[in-house]
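FYI, it's all coordinate maths here, none of it is from the lab. Small disclaimer: the values here were computed from a predicted structure and weren't measured. Don't worry about glycine lacking a Cβ; one is built from the backbone with ideal geometry, like all the others, and counts go over all protein chains shown.
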Amino acid sequence: MTMKDRRARQQLRVWQVSVLVVTLVAWRLLSRNDQFAFFFGDPLVVAGRVWSWFLPFAMPPNQLFPEGLPGNADIYLHLGVTLSETMLAFGIGTVLGLGFGLWLALAPMWSAVFDPYIKAANAMPRVILAPIFALWFGLGIWSKVALAVTLVFFIVFFNVFQGVREVSPVVLANARMLGASRKQLLRTVYLPSATSWVFSSLHTSVGLAFVGAVVGEYLGSARGVGYLILQAEGVFDVNTVFAGIVVLTACALVLDGLVGRIERGLMKWQPWMGETEKL
Amino acid sequence: MSATAARALELRDISVTFRSREERDARYTAVASTTLEVGAGEFVSVVGPTGCGKSTLLNVAAGLLEPSSGEVRVFGQPLAGINRRAGYMFQAEALMPWRSARDNVMVGLQYRGVPPAQAREQADAWLARVGLAGFGDRYPHQLSGGMRKRTALAQTLALDPDIILMDEPFSALDIQTRQLMENEVLELWAGGEGRRAGPSPKPQTPSGGGREAPGGQHGRRKAVLFITHDLDEAIAMSDRVIVLSAGPATHPIGEFAIDLPRPRDVAEVRADPRFVALHSEIWAVLREEVLKGYAQQLKVAA
């Protein structure tokens, strides 16, 4: 059974890798046409750009790169800026969402008062706030953080709100019978119950924090991966644009994996599929 | 009947009317002018057809639900808010799924400000008394239904309440587990050490240690108000059985003292001639209500 499982998984991996390989090869072959290469770039040049960005040593001329590759290692500053914007926005947005979510879910009066405004703020295309934030916070990292926070906040907020509303009434009544004060109820019932909802939203919100940061940079900045992409676009350097996209995607995947890791650590009380009776 | 001197719980002329949220004028009277009392140390069962408002009555006694009219008294004092002298065993799953069994048993002690180390020790002692020594680190989803009920029992008893309210606590269990648990509850109630009836996963913990800590007053029996729809269970366990009418406007229609000798074994006592006589006597009253309740449910469904 397990042998069969492993075989099946290996086969799946082979198929997944083949899709990537076929795509890259097709891309490479099509890019031999100059017109195509102008619009869609060349995967080899994209890979070369990533090399130059990350590695501090040059590659000597060879068959694939007849001119060789310089080792600039110059992306770290930009990547660091983008990532710190993302992490700050993610942290601030999550804490704010958690706080407001708990407060409004437990104060029906206030939630009724704020309801139309929250709906309106959520419906608004918030990316349009970027110029305003640039005006308020300047072209440094904080205008990008602010934009990304508005994206993260609502995701977390609505999930916490829902999470508190869906606390099992029996568990709640039981805690009250056991003598929980209001504060103790918040700490031992509402917060843990809302946490599981928050975690399911964190995967979405980490992605959106990234989107907010990059879009903010793209609209006006002097540093960051979004800035690099904007610069490359200005000189029709489509290869650098693609390289930027590749780097951003990889970072988003790493962040998502990190969230998943933390989630598994904190949510070990939840029965996972196929793992319900691991004793 | 209970001694008039020490009444643990009195429900006086309780009525509960719910108002429909959609239609302001639609009302449903679940319980109508019900008077009921439980003496200190007395085991009272309430039986009635399904959906007759038994749980409503228990929630009123717990202070979770305010009656539309009438008064609840706890050891002579009128009840306001949550009944602090009562423990409640719910019919549904009431354990916190994010806490291990030990942490679930501890939580009530923590609410009362017991220092963590001490609360932990008492929780482990109680888990051992309900036969779950060594299962403290498991999360509820890793425990069987019966084990979860034992944990809930330990959670309730760890606070040493004077009154225990039980809402069909064993209805979801299979019949064997159920009889084991009924016997254990009776034994714990009678002040015993519990856990003699069933097979023990571990040898009994040596006496001493945390043993004295949790219970404290083994000699004093707790008052129990036990809700069930199973007449056998009610007779086998109680000092007194109260029969409720079918809903709406449920009210007591019969009261029977159970004069079977204690200690009882819930499985063996069913063969007792006196049990059989009591059963047919109470069933005669209950049957009509069950049929009425069934007919009403069909009407609602139609």
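Where the convex hull is taken over the Cα atoms of chain A, what is its projected area averaged over directions, in nm²?
Numbers: hull surface 84.7 nm².
Averaged projected area of chain A's Cα convex hull equals 21.2 nm².
For the residues of A:179-188, the average number of beta carbons from a partner chain within 10 Å of their own beta carbon is 3.
Share of pairwise Cα-Cα distances greater than 23 Å in region B:89-180 is 17 percent (whole percent). When every Cα-Cα distance of region A:154-279 is counted in 10 angstrom steps from zero, the calculated P(r) takes the values 11, 27, 25, 17, 12, 6, 1 percent.
Extending 7 Å from the Cα toward the beta-carbon at both B:Arg220 and A:Trp136 defines two label points whose distance is 6.0 nm.
Evaluated at q = 0.12, 0.17 Å⁻¹, the base-10 log of the normalised Debye intensity for region A:46-156, with identical point scatterers placed on the Cα atoms, takes the values -0.62, -0.87. The calculated FRET efficiency for the pair A:Cys251 and A:Phe36, based on their C-beta separation and a Förster distance of 35 Å, comes to about 0.80. DSSP finds beta bridges in chain B, and of those with both partners inside it, around 50 percent are antiparallel.
Averaged across the residues of B:135-146, what count of C-beta atoms belonging to other chains lies within 10 Å of each residue's C-beta?
That average works out to 2.
Mean-square fluctuations from a GNM of chain A, with a 10 angstrom spring cutoff on Cα atoms, peak among A:Gly207, A:Gly138, A:Gly97 at A:Gly138. With the highest mean first, a sort of the peptides B:73-82, A:106-115, A:125-134 on other beta-carbon atoms found within 10 angstrom per residue produces A:125-134, B:73-82, A:106-115. Put a dot 7 Å past the Cα of A:Met124, heading toward its Cβ, do the same for A:Gln63, and the two dots end up 5.9 nm apart.
Shown here is the pair-distance distribution of region B:33-137: with all Cα-Cα distances grouped in 5 Å bins from zero up to the longest one, the shares run 2, 10, 16, 18, 16, 15, 14, 7, 2, 0 percent. Computed from the C-beta positions of B:Ala271 and B:Tyr294, the FRET efficiency with R₀ = 30 Å rounds to 0.55.
Inverting the pair-averaged 1/r between distinct Cα atoms of the protein assembly as shown gives 29.0 Å as its Kirkwood hydrodynamic radius. Of the DSSP H helices in chain A, those with a Cα length along their own long axis of 27 Å or more and a mean Kyte-Doolittle hydropathy reaching 0.0 comprise A:2-30, A:76-106, A:141-165, A:191-219, A:238-266. Taken along the Cα-to-beta-carbon direction at a fixed 7 Å, the label points for A:Phe236 and A:Val14 span 4.5 nm. Comparing region A:1-84 with the 2.2 N^0.38 Å rule of thumb, its C-alpha radius of gyration ratio is 1.52 (two decimals). Applying a DSSP loop filter and a limit of 15 other Cβ atoms within 10 Å to the trypsin sites (Lys or Arg not before Pro) in region B:1-50 leaves B:Arg21, B:Arg24. Between region B:152-186 and region A:103-182, what's the alpha-carbon centroid distance in Å? A separation of 41 Å, based on Cα centres.
Counts of other chain beta carbons within 10 angstrom of each beta carbon in peptide B:91-97 average 6. Selection among A:Tyr117, A:Ala146, A:Leu79 by position relative to the dipole of region A:37-153 gives A:Tyr117 as farthest towards the positive end (Cβ unit charges, Cα centre). Panel values: chain B, Kirkwood radius from alpha carbon pairs, Stokes-Einstein at 25 °C and 0.890 mPa s, translational diffusion coefficient 122 µm²/s.
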